[in-house]
Structures are given as structure tokens and as C-alpha cells.
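Participant: Next up is a structure, given as C-alpha cells.
The values are calculated or read from the model by the stated rules, or taken from the named source; none is laboratory data. Just so we're clear, the structure is a prediction, and the values are computed from it rather than from any experiment. Using ideal geometry, Cβ is built from the backbone for each residue, glycine included, and neighbour counts are taken over all protein chains shown. The area values use the complete protein model at the heavy-atom level, side chains included, leaving out ligands, DNA and RNA. Shrake-Rupley method; radii C 1.70, N 1.55, O 1.52, S 1.80 Å.
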Amino acid sequence: MRKIFLQIGATRDGQNPYCAVAKREGYFTVLAEMGDFVDYQSLSIPLPFDLVVRLDRPENPWDVLQACLHAGLMEHPQIVLAGFEAYNTSAGRVRELLAGPDAARCFIPPDKYAQRMALCKAWQRFPQPEFRFFASPLSIRDARDALLYPCVVKPVDGGGGLGIWLVKDAQQLNAVINKLVDTMNYGGRGFSGFIVESWLAGDEYSLQGVVAEGHALALTCCQKVIEHHTDADGCVSFYESGHVAVAAQQLPASFSSLMSFCCETFGYRQGAFHIDFIMVNGEPHFLEMGFRLSGMGVVNLVQEVTGINWAELAFHIEAGHGLPQLDFPAQPPAVGRVRLRQRLQYDAAERWIAQQQRGQLLPPLNLPVLDVSPRSSLYADLTRHAGILATFRLAAESRDEILAVFHQILDVSSLTTQRDLLCAE
């Protein structure tokens, strides 16, 4: 009987690391994804899977299994994993359906709201932003006078920063609500709810790791590079533009405690994870946990910094091989990658590389920018993942050195805008 690996959702960074590992291990590889997105991503890169199953709703586990049957896949896959955050729950439900009613309880990834509530009810309390749940954008508007400002509005089941807005005051809320009403989730579906949380000032981090039989292990700790974009209405959205990774063999005790506490509280005992948090007054405040590999090429950063293939490690754990003995390098470098979306940023990075004789500009996926309706199944992907000119990669002895260079490059466009405004006056 052949071994089958099913991935639900294509990766948005084009990496497909699970597929590469599965092929080396002799699996027949299957991708279940929206037909529209398969066609769109195929314009830039070939999909390496042995079989691509097209369907309208990869977020629906029954539709995934039915589409696989219609495509002629009669055997059950041994390993089912999500390639993209939006389909994490679907992958969990498919595993549950394939296991049958007599199997041990399968892990179903909780959404952002469920994670926050679980932490509130846990025996131990880890700090997190104050938050409230709302079923729709209009219900947020109804509560405008009861909210604390500034606050952040985010969907509970989005991905890639989609639909996340900073609201500075009650007067700005209406404009943000109007945008949320017109924003569709990936695949053209609606959001299942929203969190409104207090805005916290601090540096954002992410832990990348694996958990096997309940034992969690961090591989890297990334500091995030966040860009703020202000639109014509004065509304501020967020872009997670990059990461700077360091090996995690000597984590601060508070980081290790957060990692173990999250895996235990959410009942996550097997697989890859990343945990996002923000440092406020020297203390980590939980934001969210992803039960999968990170996107944006972070898999590459993990391997560059530690020498460990994160996808291979996670895949072997899912296949029941347990956690092997891992050797971290003695003095690993810090490595960062940041996406450049503007020509001024690209030119500044090119000049810096020429002057310093360090760093590389990595080519993007070249996903075409299409003009589609906000109701299109591709609209979310086009607004979050298209239009990237290049990725600037830089290695150094310290994380702070890389961050300083990245911010210098990214700030070029805002400094130019300010100079133009001053000249106009």
C-alpha cells in the first residue's frame, strides 16, 4: 500500500517544504486547494505535488475528502497537514474524520478567540492584551463608546495580517468598520468573528518549534519587522514585513515558560508551532499561537541559523518517529529577511549591498497583480501576498545590527514622503 501525504492549502511563500520532505520519504503527495489559487500561483511557480485536487472550499473538511475521492484518491492519507494558516482547522478535522469515532481525540486548532479564552481560564495566568469578542463589524460599531482606545481590531480566523487595523479613537472606528464590511477572508468567505484588543507598545517576537508527545522544543526566536501603512482615510493597517532569527538554545526563562504553558493549555502534543508575543515592560504578552510551520520563508531562516530542517523534523514527528537528538551550532549567526514592496526600498537595499558588500536581494515569486473584485476568492491573497519586489537577506553577529539596517531601508519611503511635504510647504 502506498504512503500518501495530503496538504490542505498551498503555502503562500511558494516554499512547499512538507512536500519536499514527503517526496524524499517516498510518499505520494497531494495538494487540496482552491482551483482559482492553483491557477494563480501556477503563473509564477510549478506546484511540485504528484496530484493537485481542486475544490471551492478547502476550509470544509467534508469537501476536501469528497474532492479527493472524485480525483481518484481511494486510499486514506497517512499524514494530513495544512500548508496555510487559513486551513489549519480543516486539516485537524480531516485527521479526525479519517481516524474514526473509536480513535483517541484528535487535536483541532483553536482560533484566536478560543486561544485567548483558554488562557483566561487556565490555572496559571500569562499576560495578554485586554480583549472582547464581536460576531460582526457592525456589532463593533454598536459598542464604540464602550471600547478603550487605541485598540486593534483583528479577525479570529484570518491570516497574513488580513483585516487587522489600529483604531486610534472612536471617530476613526466608522472608517475601519466600513473597510471590514468590505473585506473577505481567504477564498472569498466571511470571517467567523473579531477580537478587539487593547493596543500595546513593544517589540513583537515569534518562537518557532516542535512538540512531540507533549514535550515542546524551541528552535529559533524571531524578532518581527512590522510596517504600518496609513491609507487615504487615515486608517492604519499592519504588514509583517520580515523576521530576524536567532537560535533558541538559550531562551529567557519567561519565553520557555510561555512556550510550555501554551502547548499544555491548548492540549497541543504533536507537530510544528509558532507562538507570537509582544514584550511590554520586559514581560512577554501572548498574542496568538499557530499550529503549523511559519510562512514568509521563516523555514529557511530556521535552517540557516540552526542547521535544522524544521519541516523534516515536524514531518517525522507527525509520522510517529518522535523527537531525535538535536545539535545546535556553538555560535550561530543571526539571519534576517525582509520583504520590500516599494521601489525606493529596493533601490536603498541595492545601494547598501553595493557599499557594504554584504547581503542579498532574493527574487520574489512574481505573483501578478490582478484587478479583481473585493468579493473575489483571490482578493485576500492579492492584497497580502502580491506586489513584493524582492526579499532582502542579511546575516550578522547580532540581531540588533540586522534590525537597524532593515529599519533604515524600510524608512526610506516615509522619509522621502516627509521631505516632499516639507518642500511643498
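Participant: For region 125-143, name all the residues that are aliphatic (A, V, I, L, M) and surrounded by fewer than 15 Cβ atoms within 10 Å (Cβ to Cβ).
Facilitator: Ala135, Leu138, Ala143
Participant: While we're here: From (1) over 29 Å from Ile8 (Cα atoms); (2) open to solvent by less than 60 Å² (accessible area, probe 1.4 Å); (3) among the aliphatic types (A, V, I, L, M), pick out the condition that doesn't hold for Leu378.
Facilitator: (1)
Participant: So, in region 15-43, how many residues would count as being in contact (Cβ under 8 Å) with a residue 24 or more places away in the chain, open to solvent by less than 20 Å² (accessible area, probe 1.4 Å) and within 26 Å of Trp62 (Cα to Cα)?
Facilitator: So the answer is 14.
Participant: Scan region 51-76 residue by residue and report those that are farther than 21 Å from Val38 by Cα and touching a strand residue (DSSP E or B) at 6+ places or on another chain (Cβ under 8 Å).
Facilitator: Glu75, His76
Participant: Quick check, is Asp276 outside the structural domain of Asn366 (by the TED database), outside any helix (DSSP H, G or I) and buried (at least 16 other Cβ atoms within 10 Å of the Cβ)?
Facilitator: Judged against the criteria, Asp276 is a match.
Participant: Taking the condition part of a loop (DSSP other than H, G, I, E, B), open to solvent by less than 70 Å² (accessible area, probe 1.4 Å) and touching a residue at least 12 places away in the same chain (Cβ under 8 Å), does Leu367 pass?
Facilitator: Judged against the criteria, Leu367 is a match.
Let's see how each residue does on (1) in a strand (DSSP E or B); (2) charged (D, E, K, R); (3) touching a Ser or Thr at 6+ places or on another chain (Cβ under 9 Å); (4) farther than 24 Å from Gln15 by Cα:
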position	(1), (2), (3), (4)
Pro332	no, no, yes, no
Arg337	yes, yes, yes, no
Ile388	no, no, no, no
Ala404	no, no, no, yes
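Participant: From the list Ala175, Ala146, Ala170, Ala122, exactly one residue is surrounded by 15 or more Cβ atoms within 10 Å (Cβ to Cβ) and either free of Cβ contacts under 8 Å to residues at least 40 places away in the same chain or touching an Asp or Glu at 6+ places or on another chain (Cβ under 9 Å) (or both). Which is it?
Facilitator: Going through Ala175, Ala146, Ala170, Ala122 in turn, just one is surrounded by 15 or more Cβ atoms within 10 Å (Cβ to Cβ) and either free of Cβ contacts under 8 Å to residues at least 40 places away in the same chain or touching an Asp or Glu at 6+ places or on another chain (Cβ under 9 Å) (or both): Ala175.
Participant: Condition first: aliphatic (A, V, I, L, M) and at pLDDT below 75. Now tell me which residues in region 367-425 satisfy that.
Facilitator: Selection gives Ala386, Leu415, Leu421, Leu422, Ala424.
Participant: Could you check how many residues of region 317-361 are acidic (Asp, Glu) and over 21 Å from Leu217 (Cβ atoms)?
Facilitator: Qualifying residue count, region 317-361: 2.
Participant: Within region 74-81, can one find any residue that is of a type in the set (S, T, N, Q), outside the structural domain of Gly159 (by the TED database), open to solvent by 30 Å² or more (accessible area, probe 1.4 Å) and closer than 29 Å to Ser373 by Cα?
Facilitator: No, because not a single residue in region 74-81 is of a type in the set (S, T, N, Q), outside the structural domain of Gly159 (by the TED database), open to solvent by 30 Å² or more (accessible area, probe 1.4 Å) and closer than 29 Å to Ser373 by Cα.
Participant: Before we move on, is Leu65 closer than 20 Å to Ala20 by Cβ, modelled with pLDDT of 95 or more and not assigned by the TED database to the domain that holds Gly159?
Facilitator: no
Participant: Would it be correct to say that Thr306 is among the β-branched types (Val, Ile, Thr) and either at positive phi or surrounded by fewer than 17 Cβ atoms within 10 Å (Cβ to Cβ) (or both)?
Facilitator: Against the criterion (among the β-branched types (Val, Ile, Thr) and either at positive phi or surrounded by fewer than 17 Cβ atoms within 10 Å (Cβ to Cβ) (or both)), Thr306 does not qualify.
Participant: Gly322: out of contact with any strand residue (DSSP E or B) (no Cβ under 9 Å at 6 or more places or on another chain) and either open to solvent by less than 60 Å² (accessible area, probe 1.4 Å) or at pLDDT 85 or above (or both), yes or no?
Facilitator: Judged against the criteria, Gly322 is not a match.
Participant: Could you list, in sequence order, all residues of region 195-219 that are within 21 Å of Ser294 (Cα to Cα) and either polar (S, T, N, Q) or free of Cβ contacts under 8 Å to residues at least 12 places away in the same chain (or both)?
Facilitator: Selection gives Ser206, Gln208.
Participant: Report yes if Val210 is outside any helix (DSSP H, G or I), within 20 Å of Leu166 (Cβ to Cβ), open to solvent by less than 10 Å² (accessible area, probe 1.4 Å) and touching a helix residue (DSSP H, G or I) at 6+ places or on another chain (Cβ under 9 Å), otherwise no.
Facilitator: So Val210 fails the test.
Participant: With respect to the numbered conditions (1) part of a loop (DSSP other than H, G, I, E, B); (2) closer than 23 Å to His274 by Cβ; (3) at pLDDT 95 or above, which one is the sole condition not fulfilled by Gln15?
Facilitator: (3)
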